[in-house]
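See structure below.
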Amino acid sequence: MIETAGLRRVYLPRRGRLRRRPTEATEKVALDSLTLRVEAGETHGLLGPNGAGKTTLARILATVLTPTSGTASVNGHDVSREPARVRRDVGIVFGGDRGLYGRLTARQNLRFWGAVAGLPRETANQRTEALLDRLGLADRATDRVETFSRGMKQRLHLARGLIADPTVVILDEPTTGMDPVGTREFRELIKDLRADGKTLLITTHDMVEAEELCDRVSLIDRGKLLFTESPQNIGRFLTGHEGIEFRLRDDAGELAAQLKADLAVMAGVTAVESADGLWRVQTSRDALGPVLSYLASHDLSEIATRKPTLEQVYLHFVGDRGLKV
């Protein structure tokens, strides 16, 4: 449904009267020979730190930007040669206030975007009412958008992206800035779209979001594709590492402090963390046996080994730049 081949996008600095002609050294490469494939009906996560090129790719697929070189297509239609045709298949959902008119009501916003999409008035009105009801905005349909909360605006953004009934929906960091309740509700709406058979491309650096929603994830950094894999199989990229999780019967006092100190200096242990009584130890495969033997000699309520998580793979490749968990 979505294909890119050797996709490259370069930004040149704006020329001012006192600026010299841009040179190769002053160019910013946002996408660097990116080749990606997203299957029909798939929910695909695009991960990466800030500035990795995620939003640039989303804008190219939505025909807002043109590639510098390479190709990109949606449903078999090239974004450069057939932009009008691509727009019929793509709905784009950006975060924040972009694309919403605060002085208009929710109903007026959707009817306007239905008209922009070329829908007949009756069709636009019918879809507007259906989407307001589906997304829980029917009781606020006549309120100005400037009075909406962040979560309500995101729901309206999603409705705007769906007004033309697109085959592909691109969501650019859809839950950024939302509170936990709004985030959970919005993710449920995305799951409903997945059940409807929509092809979803979600750009995010939220690991929980990616693991919960996506069939596959692609990690990009500095415009380059590092890998594409399912969240369940992501641990193969850290084949030499293992994770251990355990709980103490008493996670307070000297025992917890002693365990943390001892584990931190053991050969092969790369990380020791604890939160809400759950301890996580990251270790090399060779050190797994000695670490388990050490832990077994203490009073634990539970212990288990775990494959590396998506979060740990992310940190391994790009560090903690832009990571949200």
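Numbers below:
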item	result
Residue within the range 75-94 that is at pLDDT 90 or above, among the small types (Gly, Ala, Ser) and over 24 Å from Arg216 (Cβ atoms) present	yes
Which numbered condition Asp250 fails, given (1) surrounded by fewer than 15 Cβ atoms within 10 Å (Cβ to Cβ); (2) modelled with pLDDT under 80; (3) under 30 Å from Leu31 (Cβ atoms)	(3)
Single residue of Asp89, Asp78, Asp133 found to be farther than 23 Å from Ala62 by Cα and either touching a Lys or Arg at 6+ places or on another chain (Cβ under 9 Å) or not hydrophobic (A, V, I, L, M, F, W, C) (or both)	Asp133
Index of the failed condition, Asn75 passing every other in (1) under 23 Å from the mean Cα position of the chain (by Cα); (2) closer than 24 Å to Asp32 by Cβ; (3) surrounded by 15 or more Cβ atoms within 10 Å (Cβ to Cβ)	(2)
Flag for Arg107 being within 19 Å of Leu200 (Cα to Cα) and touching a residue at least 24 places away in the same chain (Cβ under 8 Å)	no
When residues of the range 83-111 are limited to those that are charged (D, E, K, R) and closer than 22 Å to Gly41 by Cβ, the one farthest from the chain's Cα centre (by Cα)	Arg85
Output for the range 201-210, where each listed residue is closer than 17 Å to Gly41 by Cα and either in a helix (DSSP H, G or I) or not hydroxyl-bearing (Ser, Thr, Tyr) (or both)	Leu201, Ile202, Ala210
Matching residues in the range 293-308 - criterion: being assigned to a helix (DSSP H, G or I) and without any contact (Cβ under 8 Å) to a residue 12 or more places away in the chain	Ser293, Ala296
Hits in the range 212-241 - residues which are crowded, with 17+ Cβ neighbours inside 10 Å, part of a helix (DSSP H, G or I) and at pLDDT 80 or above	Leu213
Residues that are surrounded by fewer than 22 Cβ atoms within 10 Å (Cβ to Cβ) and in contact with a strand residue (DSSP E or B) (Cβ under 6 Å, 6 or more places away or on another chain), drawn from the range 25-40	Glu27, Lys28, Val29, Asp32, Ser33, Thr35, Leu36, Arg37, Ala40
Failed item in (1) within 30 Å of Val29 (Cα to Cα); (2) in contact (Cβ under 8 Å) with a residue 40 or more places away in the chain, with Glu229 passing the rest	(2)
In the range 22-67, residue nearest to Lys191 (Cα to Cα) [restricted to those that are out of contact with any Asp or Glu (no Cβ under 6 Å at 6 or more places or on another chain) and acidic (Asp, Glu)]	Glu39
Index of the failed condition, Pro290 passing every other in (1) modelled with pLDDT of 85 or more; (2) assigned to a strand (DSSP E or B); (3) out of contact with any helix residue (DSSP H, G or I) (no Cβ under 7 Å at 6 or more places or on another chain)	(2)
Any chance Gly102 is in the same structural domain as Arg155 (by TED's automatic domain parsing), in contact with a Lys or Arg (Cβ under 7 Å, 6 or more places away or on another chain), in a loop (DSSP other than H, G, I, E, B) and not charged (D, E, K, R)	yes
Test for Asp139: is it free of Cβ contacts under 8 Å to residues at least 40 places away in the same chain and assigned by TED's automatic domain parsing to the domain that holds Val38	yes
Exclusive hit being on the phi < 0 side of the Ramachandran plot and either in the same structural domain as Gln154 (by TED's automatic domain parsing) or touching a Phe, Trp or Tyr at 6+ places or on another chain (Cβ under 6 Å) (or both), set Ser73, Ser33	Ser73
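Table: residues versus (1) modelled with pLDDT of 95 or more; (2) among the aromatic types (Phe, Trp, Tyr); (3) over 18 Å from Pro166 (Cα atoms).
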residue	(1), (2), (3)
Gly99	no, no, no
Gly102	no, no, yes
Arg111	yes, no, no
Gln126	yes, no, no
Leu132	yes, no, no
Gly136	no, no, yes
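Yes or no, residue by residue, for (1) of a type in the set (S, T, N, Q); (2) more than 21 Å from Leu189 (Cβ to Cβ); (3) surrounded by 13 or more Cβ atoms within 10 Å (Cβ to Cβ):
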| position | (1), (2), (3) |
| --- | --- |
| Gly102 | no, yes, no |
| Arg107 | no, no, yes |
| Phe112 | no, yes, yes |
| Arg127 | no, no, yes |
| Leu137 | no, no, yes |
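The values are calculated or read from the model by the stated rules, or taken from the named source; none is laboratory data. Small disclaimer: the values here were computed from a predicted structure and weren't measured. Neighbour counts are summed over all protein chains in view; Cβ atoms, including those assigned to glycine, are modelled from backbone coordinates with ideal geometry.
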